[in-house]
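Coordinate-derived values only; no laboratory data. This one's a predicted model, so the numbers in the text were calculated from it and none came from an experiment. No Cβ is skipped: glycine too gets one built from the backbone with ideal geometry, and neighbour counts run over all protein chains shown.
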Amino acid sequence: AQSVTQLDSHVSVSEGTPVLLRCNYSSSYSPSLFWYVQHPNKGLQLLLKYTSAATLVKGINGFEAEFKKSETSFHLTKPSAHMSDAAEYFCVVSDLGSSNTGKLIFGQGTTLQVKP
Amino acid sequence: DTGVSQNPRHKITKRGQNVTFRCDPISEHNRLYWYRQTLGQGPEFLTYFQNEAQLEKSRLLSDRFSAERPKGSFSTLEIQRTEQGDSAMYLCASSLQGATGELFFGEGSRLTVL
């Protein structure tokens, strides 16, 4: 069965400093992994996805993530945080069982706080 | 706006009452999902439709919950005899078949059961 574990429930950074949100995955298959972002009172939005092509994936708003099979990790990074990055971030794995429903399995989320 | 639309956005009800939520997906999307999100947790899968067929239901979806997508367009999620434990955000998402993981979410319907 697929699962993801987000290692930090809360991360606080200063504006202009790097962001690192950590995620480890467990999968019986070659996984498809995603990061979604949820701003207050907004719908969840796809930031980026990894589907077995390049291991370094670039997403929207300057975010990127690196798939490391040896470490079973898919950490999300951004070189310089902006105030608008403050939100809840979810690491997600696609449930690639035989039915291939496209169902997503979410981590518990990491709240990113950006201080001025 | 051509995104996923959910109504109502907020619902407060008394324990034991029935509630119904509606989801209008992006028009060309044939897949529709319902998720539930409680405070401090990630969304949990409830059920999934491909066109009008309900193809998977989570064991989280008790007998009091029923979902429909009668014409393969909008969907409804009904909760009968609500309990306080049903209080949560109910999220709807849609996608194209084959677009693995690329779900488009609505803003959710928040249920509070008193």
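Taking K and R as +1 and D and E as -1, what net charge do the other residues with C-beta under 10 Å from the C-beta of residue B:50 add up to?
So the surrounding residues net to 0.
Counting only C-alpha contacts under 8 Å and six or more residues apart, can you give the relative contact order of region A:39-89 as a whole percent?
27
Just checking the output field for A:32-42: average partner chain Cβ neighbours within 10 Å of each residue's Cβ?
Rounded to a whole number, the mean comes out at 2.
Hey, got the average number of other protein chain Cβ atoms within 10 angstrom for residues in B:21-29?
Per residue, the average neighbour count from other chains is 0.
If each residue's Cβ is checked for other Cβ atoms within 10 Å, how do B:14, A:103, A:68 rank with the fewest at the top?
Placing the least packed residue first, the sequence is B:14, A:68, A:103.
Would region B:30-109 count as rounded, prolate or oblate if I go by the C-alpha gyration tensor, calling it rounded below 1.5 in a/c and otherwise prolate when a/b exceeds b/c, oblate otherwise?
Judged from the Cα gyration tensor, region B:30-109 comes out oblate (a/c at least 1.5, b/c at or above a/b).
Evaluate E = 1/(1 + (r/R0)^6) for residue A:82 and residue B:81, where r is the Cβ-Cβ distance and R0 equals 41 Å; express this FRET efficiency to the nearest 0.05.
Calculated value: 0.35.
Can you compute the FRET efficiency between residue A:14 and residue A:52 using 1/(1 + (r/R0)^6), with r the Cβ-Cβ distance and R0 = 41 Å? Round to the nearest 0.05.
Once the sixth-power term is evaluated, E becomes 0.70.
Can you give the net charge of the other residues whose Cβ lies under 13 Å from the Cβ of residue A:112, counting K and R as +1 and D and E as -1?
Summing Lys and Arg as +1 and Asp and Glu as -1 gives -1.
Hey, what did chain A get for relative contact order, percent, Cα under 8 Å, at least 6 apart? Could you put the intermediate results ahead of the total?
Details: 292 pairs, mean separation 42.1, N = 116.
This gives 36 percent for chain A.
In whole percent, what relative contact order does chain B give with Cα contacts below 8 Å and a gap of six or more residues? Don't skip to the answer; put the middle values down first.
Values: 284 pairs, mean separation 41.9, N = 114.
37 percent.
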